[in-house]
Amino acid sequence: MTIIHLTLKIWRQTGPESKGSFKTYESGPITTAMSFLEMLDVLNERLILSGEEPVAFDHDCREGICGMCGSVINGTPHGPEKKTTLCQLHMRHFQDGDTLVIEPFRSRAFKLVKDLIVDRSAFDAIIAEGGYVSVNTGGTPDANAIPIPTFTAEQALDAAECIGCGACVAACPNASAMLFVGAKISHLALLPQGQPERSKRALAMVKKMDELGFGNCGNEKYCEKACPKGISISNIARLNREFMRAAFCSVEE
Amino acid sequence: MQLNHRIPSGPLTEKWDRFRFETKLINPANKRKFEIIVVGAGLAGASASATLGELGYNVNTFCIQDSPRRGHSIAAQGGINAAKNYQNDGDSIWRLFYDTIKGGDFRAREANVYRLAQISNQIIDQCVAQGVPFAREYGGLLANRSFGGAQVSRTFYARGQTGQQLLLGAYSAMMRQVKAGKVTLHPRSEMMDLVVINGQARGIVTRNLITGAIESYAADAVVLATGGYGNAYYLSTNAMASNVTATWRAYKRGAAFANPCFVQIHPTCIPVHGTYQSKLTLMSESLRNDGRVWVPTRTGDKRPPAEIPEAERDYYLEKKYPSFGNLVPRDVASRNAKEQCDQGKGVGDTGLAVYLDFSEAINRLGEVAIRRKYGNLFDMYEKITGQDPVKEPMTIYPAVHYTMGGLWVDYHLMSTVPGLFVLGEANFSDHGANRLGASALMQGLADGYFVLPATISSHFAESSLPPITTSHPAFTEAMDTTKGRIQRLLSINGKRTPDDFHRELGLLLWDYCGMARNEAGLKLALGRLPDLKEKFWQDLKVTGSGADLNQTLERAGRVADFIEFAEIMILDALSRQESCGCHFREESQTGEHEAKRMDDKYSYVSAWQYQGEGQTPKLHKEHLVFENIQLSQRSYT
Ligand SMILES: Cc1cc2nc3c(=O)[nH]c(=O)nc-3n(C[C@H](O)[C@H](O)[C@H](O)COP(=O)(O)OP(=O)(O)OC[C@H]3O[C@@H](n4cnc5c(N)ncnc54)[C@H](O)[C@@H]3O)c2cc1C
Ligand code: FES
């Protein structure tokens, strides 16, 4: 087992209104089989015992699926490994002596809560505007009543895999949420079940996204690179198409 | 305390219909006069919130995470069962019912399980209508895979992330009700206590995890859908925030806790690799469709797997259980893995692992096909271990995964506290002593979409519910208790972190109340608990204050409850001197080392009732009646 030592520069901020700053810590011995969050656990255990408040960070599943974790590591959301959430990033990807700068996902629409934790409730607010099919429980047709080509179902799942972590927003110079919104719009627009509300959904979700202070897509593709699930930027193209189609061709307001 | 299961009379197949016909309904205009609290927004909580909102009730939904989309259900990988018989392979509602009862080693209620099997098909219809992108065949129809304990293909899936897709479906349905003003969300809120007034559950006390504020909410009914308690063992496949706090506080307010010792240990998880380890990662059971489990035939064989010739590999599951092979139920697979490792045939650095090998399937179907089925699981495995399962077999070992025990509920899903309903993994209802793969998602959604919405109206129609507000003294008392406890946790200022205590508790439970249990070990563990509890309250260190976001404080509160809870787990394991399903008492085994039930003595659900601080809880028994199936020694050979 390999042991490495790192220097950690971590953003510390006690609350949304207080002023934050970087604080430097020595990691102590870290085995390379550890995950990034386990490395932070080890640091936090030490901080608690020394009477210092541990670094607050969000996490839950630690399996790369809940979308709760996420920080910017040396300028990259979720760190250097492609298609990997922070909880799935392992220390074998770092070298002994490295310095890591760890800071929260920053965006106008994501208010800072504490240290590395931000408020991403704006994503829920966008989904509430139309990220669903309006069917009540019960009375739905047999699941096999509408055949869906494998390819379509797979494509819809590619988009539906979004974990809502917010890395796309953090990576974008304009803090745009279009990859997140595009993923949901695509998932439902691709499926027959999503057709009845297709136009309404696109208009409502985009309107909310704009209202909440997210920026516009500048086609820089930083979001796609940062996305731990590899959600493709083609979903943004589809979002634009869906929005145009709805704005010009539909009777929805 | 009376355990009245309220199972409707009549033939098994007609009970649910009869219940729905005979139950009192609430007219649509009156539904909006009722307030319901739902604690939890996993599959059970989100599906219940959505449906109750659609029906017109006013719902307040609470969860710990920053968004309800992140509940632990999101991590479920393999799939969800239903008796659709789309594969025409002989499946039926009856077969799903039978498999589930048998898989649970005959320790579940017939009526509940039959209802679950009946509802299973509607769940799939519902999810497809919501736009859940399940896997499909080339003709466009839904695809299925097989799971353990079944000889039919009845599991629906969306790659290795079925839980995610189902939860996002339920979450979106709930968000639609948020938009409609019927559901109010309270994320980053932790339930700290249940408020019982005149014997009825009428509200909860919560801690706002951002501001630290202790708040209270009143309602006409409280629904707990707070998941399982597997994290009592510290290391488990559960998400980090999974806890027993909500159900434990309800227990202390009078809700009986059923079968707490029934804990499922999942056979295929990535083995432990260090003391710093924070959780264990599941490799879905679906992998056993194509992966073959083996160990070297010779003890202490340390050669790399590729150098071990076919003749020197022991595919012990295929050999021992020819008709189910690698797809035996989880308890059987786990115990066999432990047995191999105990014999010194374990592999990997620690010797606590067995191989799960895909080479045969890759030769037969090609790498592309196998990657298409399991790609994301392979990626996850490689990220964690740095090894590619296509090139060398996975190493796996059992880990704590799911808890069949939970708050006792009747056929209506109501606990022993009137007005307190319990759904999903948090209740004990359907899985007996062992849950079959892909049945938890089914149960969570059955409870939330279909069962509770039908049963809750009878509670409202039949109870007198005088109006109350949070100014009632019972709320003040519960809030003061909560505040006092938090103050106590903060003021100890000792030398050990919450995680440190949690690890100690976890190890104790794993060693003595884990995959195999015996009287001496259980008594030893029971004897150590008071000391652990005392040390916790004397030597705990929590930094910061209660007045803002404080994750150390959150953990400390949950660990304190796990320590108390461990007592009834061990008491339950001690009192059940038979083996059944996941509960393996070494004293009670067959000649082939399989779990040996003692139906004449233990064919009951144990339900523990709180008797006050320092008092031994009281055991009540709900005797199980089997009218439709014959009890048999489970056999998968
Ligand atoms: C890795 C993994 C894979 C699995 N795969 C499968 C599978 O393929 N098929 C299958 O059928 N089952 C599977 N299971 C089991 C299944 O996922 C769970 O049993 C099920 O999702 C539980 O759902 P739930 O709604 O009851 O609870 P959870 O999803 O655990 O949700 C609990 C909710 O309660 C909230 N909560 C908890 N405590 C409190 C509190 N004190 N105050 C406020 N809120 C609280 C949480 O925030 C959360 O929203 C798997 C489990 C794991 C761990
Ligand atoms: S903790 Fe769930 S995605 Fe990282």
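The values are calculated or read from the model by the stated rules, or taken from the named source; none is laboratory data. For clarity, every value in this text was computed on a predicted model and none was experimentally measured. Cβ atoms come from the backbone with ideal geometry, glycine included; neighbour counts cover every protein chain shown. Ligands, DNA and RNA are excluded from the accessible area calculation, which covers all protein heavy atoms including side chains. Shrake-Rupley method; radii C 1.70, N 1.55, O 1.52, S 1.80 Å.
Suppose the Debye formula is applied to equal point scatterers at every Cα of region B:174-224; what is log10 I(q)/I(0) at q = 0.16, 0.26, 0.27 Å⁻¹? Normalising to I(0) and taking log10 leaves -0.55, -1.01, -1.03.
Here region B:266-401 is assigned +1 on the Cβ of each Lys and Arg and -1 on the Cβ of each Asp and Glu. Its dipole about the Cα centre then comes out at about 240 debye. What the Cα convex hull of region B:212-252 gives, in volume per residue, is 104 Å³. Report the local net charge at B:Met240: Lys and Arg +1, Asp and Glu -1, summed over other residues whose C-beta lies under 13 Å from its C-beta. Taking every Cβ under 13 Å from that of B:Met240, the sum is -2.
Bridgeable aspartates and glutamates around B:Lys33 (alpha carbons under 17 Å apart, same-chain partners fewer than 8 residues away excluded): B:Glu54, B:Asp220, B:Glu462. Between the Cα long axis of helix B:551-575 and the first principal axis of chain B there is an angle of about 70°, rounded to the nearest 10. Membrane-span-like helices in chain A, defined purely by DSSP H runs whose alpha carbon atoms cover 18 Å or more axially and whose average Kyte-Doolittle hydropathy reaches 0.5, are A:36-49. Using just its DSSP H runs of length 4 or more, each adding -39500 (n - 2.57), chain B gives a mean residue ellipticity at 222 nm of -11500 deg cm²/dmol after division by all residues. The equivalent ellipsoid of region B:510-637 has semi-axes of 36, 17, 15 Å, largest first, where each one is the square root of 5 times an eigenvalue of the Cα gyration tensor. Only protein heavy atoms count here, probed at 1.4 Å, and on that basis chains B and A bury about 6400 Å² of accessible area in total.
Listed by chain and number, the lysines placed with their C-alpha closer than 22 angstrom to that of A:Lys114 are A:Lys9, A:Lys19, A:Lys23, B:Lys541; residues fewer than eight positions away on the same chain are left out. The Kirkwood radius of the protein assembly as shown, taken over pairs of alpha-carbon atoms, gives through the Stokes-Einstein law at 10 °C and 1.306 mPa s a diffusion coefficient of 58 µm² s⁻¹. Note on region B:378-493: Cα-Cα pairs beyond 19 Å make up 69% of the total pair count. Inter-label distance, B:Ser575 to B:Thr350: 3.3 nm, where each label sits 7 Å from its Cα along the C-beta direction.
Extents of chain B, largest first, come to 74, 59, 48 Å (Cα atoms, principal axes, whole angstrom).
Taking the square roots of 5 times each eigenvalue of the Cα gyration tensor of chain A, largest first, gives ellipsoid semi-axes of 38, 20, 16 Å. Taking only protein heavy atoms and a 1.4 Å probe, the accessible area of region B:474-597 is 50% carbon and sulfur. For region A:1-50, heavy-atom accessible area (probe 1.4 Å) falls by no less than 40 Å² from the chain alone to the full protein assembly at A:Glu38, A:Glu45, A:Ile48, A:Leu49. Taking all Cα pairs closer than 8 Å and separated by 6 or more residues, the relative contact order of region A:3-114 comes to 34 percent. Using a probe of 1.4 angstrom and keeping all protein chains present, the accessible surface of chain A works out to 40 square angstrom per residue. Using the Cβ-Cβ distance between A:Arg106 and A:Leu49 with R0 set to 30 Å, the FRET efficiency works out to roughly 0.45.
Compared with its chain on its own, region A:134-148 contains the following residues whose accessible area drops by 30 Å² or more in the full protein assembly (probe 1.4 Å; ligands, DNA and RNA excluded): A:Val135, A:Asn136, A:Thr137, A:Thr140, A:Asp142, A:Ala143, A:Asn144, A:Pro147, A:Ile148. Comparing region B:234-330 with the 2.2 N^0.38 Å rule of thumb, its C-alpha radius of gyration ratio is 1.51 (two decimals). Peptide B:137-145 is shielded by partner chain Cβ atoms: per residue, an average of 4 of them sit within 10 Å of its Cβ. For the listed peptides B:430-443, A:211-224, B:618-631, a ranking on the average number of other beta carbons within 10 Å per residue, highest first, reads B:430-443, A:211-224, B:618-631. Multiplying the residue separation of B:Gln615 and B:Glu587 by 0.36 nm and removing their Cα-Cα distance gives an extension gain of 7.3 nm. Stokes-Einstein diffusion of region B:203-288 at 37 °C, 0.692 mPa s viscosity, Kirkwood radius from Cα pairs, rounded to a whole number: 209 µm²/s.
Annotation: per residue accessible area for chain B equals 32 Å², rounded to a whole number [probe 1.4 Å, protein chains only]. Overall, the accessible surface of chain A at a probe of 1.4 angstrom is composed of carbon and sulfur to the extent of 52 percent.
Report D for region B:266-401 in µm² per second (integer): Stokes-Einstein, Kirkwood Rh on Cα pairs, 25 °C, 0.890 mPa s. Once the numbers are plugged in, D ends up at 164 µm²/s. Potential lengthening of the chain between B:Thr275 and B:Leu365 amounts to 28.5 nm, from the contour at 0.36 nm per residue minus the alpha-carbon distance.
Here the convex hull built on the C-alpha positions of region A:3-114 has a volume of 105 cubic angstrom per residue. Would you compute the Debye intensity of region B:64-182 from its alpha-carbon atoms alone, equal scatterers and no solvent, and pass along log10 I(q)/I(0) at q = 0.10, 0.12 Å⁻¹ to two decimals? The Cα Debye sum returns log10 ratios of -0.35, -0.50. For the segment B:172-178, counting C-beta atoms of other chains within 10 Å of every residue's C-beta and taking the mean gives 6. Calculated FRET efficiency, A:Glu211 to A:Ile3, Cβ-Cβ distance, R0 = 45 Å: about 0.35 to the nearest 0.05. Once the Cα-Cα distance is subtracted from the 0.36 nm per residue extended length, the B:Lys535 to B:Met1 segment shows a gain of 188.9 nm. Here the relative contact order of region A:67-146, from alpha carbon pairs under 8 Å that lie six or more residues apart, stands at 20 percent.
Taking label points 7 Å from Cα along the Cα-to-Cβ direction, B:Asn88 and B:Phe626 give a separation of 3.4 nm.
Each 10 Å bin from zero up to the one holding the largest Cα-Cα distance in region A:121-252 carries the following percent of pairs: 13, 44, 33, 9, 1.
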